[in-house]
Amino acid sequence: MRLKYVLSEVMVGLWRNVTMTIAMIITMAVSLTMLGASGLMYRQVDNMKDRYYENIEVSIFLKTEVTQQQRDDLQGKLKGDPLVKEVIYENKEQAYERFKEMYQDAPALVEAVKPDQLPESFRLRLVDPEQYKQIFDKYNSEEGIQEIVDQRRLLDKIFNILGAVQNIALVAAMVMAIAALLLVANTIQVAAYSKRREVAVMKLVGASNWFIQAPFVLEAVVAGLIGALIGFGALSLAKVFLFDGSLRDLTELLTPVGWGDVLVMLPLMAGAGALVSAVTAWVTLRFYLRV
């Protein structure tokens, strides 16, 4: 009987303040969508780091006047270095072939470059890509070396940009969350005020605090869960029409956004929406009803 009463009061309360309920749901949905999008971005950036750092290379470019002895000595040191997983030597002809493949869409540039203009190099796979600095310090002063280049430096710049986008999305989600909290608190106050006489009667007859607060808290929780479902629907549509549609080439270049990643956001969004709504409603009632 009590459960039936609480549930009926929840439905009546949601319908009684329908405009504020809709506003609360929409605000919560936008906030949780931003939260889910931010979570997706964090997962994708982490996946990108694992994917690219695993295959990262260090290129040691040799001087034009390098001698055979210097080349052989350096190759021997690299192959015996415990930091190095794999050593690949690339001569001028091989470098030119790779250059033509990389810039095949710019034939004028390819024609302007001759094979003997490109340096020989050693391409290294490290046991731990984080140890690039040690490789640089160890071999930078070796004879015959012109330059040591690590792909990680370029990737770090890209990941720094993506990290900034992550932070912007997270800040936007936090701002929307604050707006949602204020709207939840205001909605609960209005609902409690409209039922102030009923609440006073229930207190007089000895109703427990939980029994009085439960309908209001559940109203907020239901609104939060509906907002989470709408937000998840928005992420699903973005997956279908953006990530698998117009941005498909870009996501494949970075890392594909899978349905598994999107589905992981559902419990996160639902939990955040329900918990934040419930806590906000409970705190508001503690101050407003003094029960």
Exercise. Quick check, is Val221 at pLDDT 75 or above and under 29 Å from Met34 (Cβ atoms)?
Worked result: yes
In the range 17-74, residues that are over 30 Å from Arg123 (Cα atoms) and either within 16 Å of the chain's Cα centre (by Cα) or not polar (S, T, N, Q) (or both) total 22
Just one listed residue, out of Ile135, Ile148, is over 30 Å from Val30 (Cα atoms), in a strand (DSSP E or B) and open to solvent by less than 40 Å² (accessible area, probe 1.4 Å), and it is Ile148
Residue hits (the range 16-33; buried (at least 22 other Cβ atoms within 10 Å of the Cβ) and modelled with pLDDT of 80 or more) are Ile25, Met28, Ala29, Ser31, Leu32, Thr33
Any residue at all in the range 122-130 that's at pLDDT 85 or above, under 13 Å from Leu74 (Cα atoms) and part of a helix (DSSP H, G or I)? no
The one condition Ala108 fails out of (1) open to solvent by 30 Å² or more (accessible area, probe 1.4 Å); (2) under 25 Å from the mean Cα position of the chain (by Cα) is (2)
Here the qualifying pairs (Cβ atoms under 9 Å; residues six or more apart or on different chains; first in the range 267-283 and open to solvent by 30 Å² or more (accessible area, probe 1.4 Å); second not in a helix (DSSP H, G or I)) come out as none
Discussion item. Regarding the range 187-194, can at least one residue be identified that is more than 40 Å from the chain's Cα centre (by Cα) and either over 19 Å from Val276 (Cβ atoms) or modelled with pLDDT of 65 or more (or both)?
Written reply: yes
Taking the range 106-121 and the residues there that are among the aliphatic types (A, V, I, L, M) and in a loop (DSSP other than H, G, I, E, B), the one that is modelled with the highest pLDDT would be Leu118
Restricting the range 111-121 to residues that are out of contact with any Leu (no Cβ under 7 Å at 6 or more places or on another chain) and open to solvent by less than 40 Å² (accessible area, probe 1.4 Å), the one nearest to Gln75 (Cα to Cα) turns out to be Leu118
Within the range 48-81, the residues that are in a helix (DSSP H, G or I), open to solvent by less than 60 Å² (accessible area, probe 1.4 Å) and closer than 19 Å to Lys157 by Cβ are Met48, Tyr53
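The values are calculated or read from the model by the stated rules, or taken from the named source; none is laboratory data. Because the structure is a prediction, the values reported are computed rather than measured. Cβ atoms come from the backbone with ideal geometry, glycine included; neighbour counts cover every protein chain shown. Ligands, DNA and RNA are stripped out before the accessible areas are found, and what is left, the full protein with its side chains, is counted by its heavy atoms. Shrake-Rupley method; radii C 1.70, N 1.55, O 1.52, S 1.80 Å.
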